[in-house]
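Novice: Here you go, one structure.
The values are calculated or read from the model by the stated rules, or taken from the named source; none is laboratory data. A quick note: this is a predicted structure, and the numbers were derived from the prediction, not measured. So basically every Cβ, Gly included, is an ideal-geometry build from the backbone, and we count neighbours across all protein chains shown.
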């Protein structure tokens, strides 16, 4: 049973790592998208604007469908839907087709697939395993990111690095996504959908679950815990220009630092955060509480360092150390959804709500941080950005402290009641 559970988790990780490769094609094919597809910077940007709009509004639909229908259907449906979008994208359609595909990929990937994937991961493990489960998910997605992106890049080079190469690379993403979608159907079980005697009762049961989730203060606190982690996570992007502008980081090191910052930390932070949350603090919420405080203190100390006179490698090491804290939080920030005691029947609604609130910083954080850098030049602008990250971490500490106390009180009441 142990092997069966972890084998299933591996396939969920594979799906979680492949489904977003097509929507993040710019990571590998940005220049070919301009030179061979004929898209401008603005058009590429508009694709992601459309994606975000559908993602944000569609997650409200996830509150309903994530618990109304079985994950055995929804997970393959999301993967195959994104794969079919990739099949169309490989023809390099018009700009209108490009936008429609990005809207569709947001629907299949973020509305249909992602909250249900989080639900499936939660249901695989018991309360004592949630940190490791979500930590393994994050670390595994980092590994899949590297392997699949590297494969697409290899195929791109083999086909001549032009239009044919990009089309071959997109087909590579497409075939993997479709294959994983088919396999997922046979791997995922069908034991958690809402079942009643008729559809009207099933719908009412789901609506009852949504109301329960929305009226639960602990769910709101857990969701805002995700929010504050993600707000600080958005700031990690600005370590790269910071090291370039302040430390004069050589161009040759920029790419290497970016890979470590986005992929290596995800692979390392995931299992470490999961292990510490399960085995040391024995509570994902308590782990988040203390790492929020640690992150705030670490960043306050970082701001005080004499950056203009420090060695560039020291600067890189310090920023990566801070990033490791954030990535360990990001790996398990959905784990408290099990700890707060929401019925597993309503896991989909709880995870969807966590996504709605938790990912909101993507709508404003990058604009906020960018505006600070544009309006305050040099080290001053970066210190304002880092100060905002401190603020978000301190707010996260308060939020997690309140939630941890409520969970402790809730457990005490249950123990007294059952005694």
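Novice: Would you call residue 151 assigned to a helix (DSSP H, G or I), closer than 26 Å to residue 10 by Cβ, touching a helix residue (DSSP H, G or I) at 6+ places or on another chain (Cβ under 9 Å) and not assigned by TED's automatic domain parsing to the domain that holds residue 341?
Specialist: In short, yes.
Novice: Please go through region 70-114 and give me each residue that is under 20 Å from residue 38 (Cβ atoms) and outside any helix (DSSP H, G or I), ordered by number.
Specialist: Answer for region 70-114, where residues must be under 20 Å from residue 38 (Cβ atoms) and outside any helix (DSSP H, G or I): 90, 91, 92, 93, 94.
Novice: Looking only at region 277-290, which residues are in a helix (DSSP H, G or I), closer than 18 Å to residue 136 by Cβ and in contact with a helix residue (DSSP H, G or I) (Cβ under 6 Å, 6 or more places away or on another chain)? Outline the logic, then answer.
Specialist: So the first thing to find is which residues in region 277-290 are in a helix (DSSP H, G or I), and the list is 277-280, 284-290.
Right, trim to closer than 18 Å to residue 136 by Cβ and you get 277-280, 284, 287-288.
Selection gives 277, 278, 284, 287, 288.
Novice: List pairs: first residue in region 332-353 and in the same structural domain as residue 214 (by TED's automatic domain parsing), second residue not in a helix (DSSP H, G or I) anywhere in the structure, Cβ distance under 6 angstrom, at least six positions apart or on different chains.
Specialist: 350/342
Novice: Can I ask one more? Within region 25-33, does at least one residue satisfy the condition of being out of contact with any strand residue (DSSP E or B) (no Cβ under 6 Å at 6 or more places or on another chain), closer than 26 Å to residue 115 by Cβ and surrounded by fewer than 20 Cβ atoms within 10 Å (Cβ to Cβ)?
Specialist: yes
Novice: I'm checking my understanding of the structure. Among residues of region 298-313 that are part of a helix (DSSP H, G or I) and modelled with pLDDT under 90, which one is surrounded by the most Cβ atoms within 10 Å (Cβ to Cβ)?
Specialist: Taking the candidates together, the pick is 307.
Novice: Are any of the residues in region 216-237 modelled with pLDDT of 85 or more, within 21 Å of residue 404 (Cα to Cα) and not in a helix (DSSP H, G or I)? Before the answer, list the steps.
Specialist: First, pick out the residues of region 216-237 that are modelled with pLDDT of 85 or more: 216-236.
From what's left, within 21 Å of residue 404 (Cα to Cα): 216-232.
This time we only want the ones that are not in a helix (DSSP H, G or I), so: 216.
Yes; the residues of region 216-237 include at least one that is modelled with pLDDT of 85 or more, within 21 Å of residue 404 (Cα to Cα) and not in a helix (DSSP H, G or I).
Novice: Still on this structure, I have one more. Inside region 77-109, can you point out the residues that are in contact (Cβ under 8 Å) with a residue 12 or more places away in the chain and more than 17 Å from residue 173 (Cβ to Cβ)?
Specialist: 77, 95, 99, 103, 107
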